[in-house]
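The values are calculated or read from the model by the stated rules, or taken from the named source; none is laboratory data. The structure presented is a predicted model; accordingly, all values stated were derived computationally and were not measured. Cβ atoms come from the backbone with ideal geometry, glycine included; neighbour counts cover every protein chain shown. Note: accessible area is taken over every heavy atom of the protein model, side chains too, but ligands, DNA and RNA are not part of it. Shrake-Rupley method; radii C 1.70, N 1.55, O 1.52, S 1.80 Å.
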Amino acid sequence: MPDTPECLIKGTIERSGERIYHQPGQASYELIDMTKKRSERWFCSEAEAEATGWRKAVR
């Protein structure tokens with residue numbers, strides 16, 4: 001779970017090394033199990049994710 005309830009954006013790193021963030025409401029958001037990914041990261045805003053080199057998921 002995220003450190004704070006406001007930080008609900010899930011960041012994952014794909015096998016290719018691409019950094020992608022997923023927001024609540026996106027198709028794949030609920031499917032991402034953050035407890036099993038070693039390359040996971042929580043974000044509090046899109047700006048925070050993008051400032052650190054992550055891009056928004058397409059779906």
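Residues of the stretch 6-16 that are modelled with pLDDT of 90 or more and open to solvent by 80 Å² or more (accessible area, probe 1.4 Å): S16 alone.
Meeting the requirement of 3 or more residues that are of a type outside the set (F, W, Y), the strands (runs of 3 or more DSSP E) wholly within the chain are 9-13, 19-22.
Quick grid of which residues meet (1) exposed (fewer than 10 other Cβ atoms within 10 Å of the Cβ); (2) at pLDDT below 90; (3) touching a helix residue (DSSP H, G or I) at 6+ places or on another chain (Cβ under 8 Å); (4) of a type outside the set (A, V, I, L, M, F, W, C):
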{"site": "T4", "(1), (2), (3), (4)": "yes, yes, no, yes"}
{"site": "E18", "(1), (2), (3), (4)": "no, no, no, yes"}
{"site": "Y21", "(1), (2), (3), (4)": "no, no, yes, yes"}
{"site": "E30", "(1), (2), (3), (4)": "no, no, no, yes"}
{"site": "T35", "(1), (2), (3), (4)": "yes, yes, no, yes"}
{"site": "R38", "(1), (2), (3), (4)": "yes, yes, no, yes"}
{"site": "E48", "(1), (2), (3), (4)": "no, no, no, yes"}
{"site": "G53", "(1), (2), (3), (4)": "yes, no, no, yes"}
{"site": "K56", "(1), (2), (3), (4)": "no, no, yes, yes"}
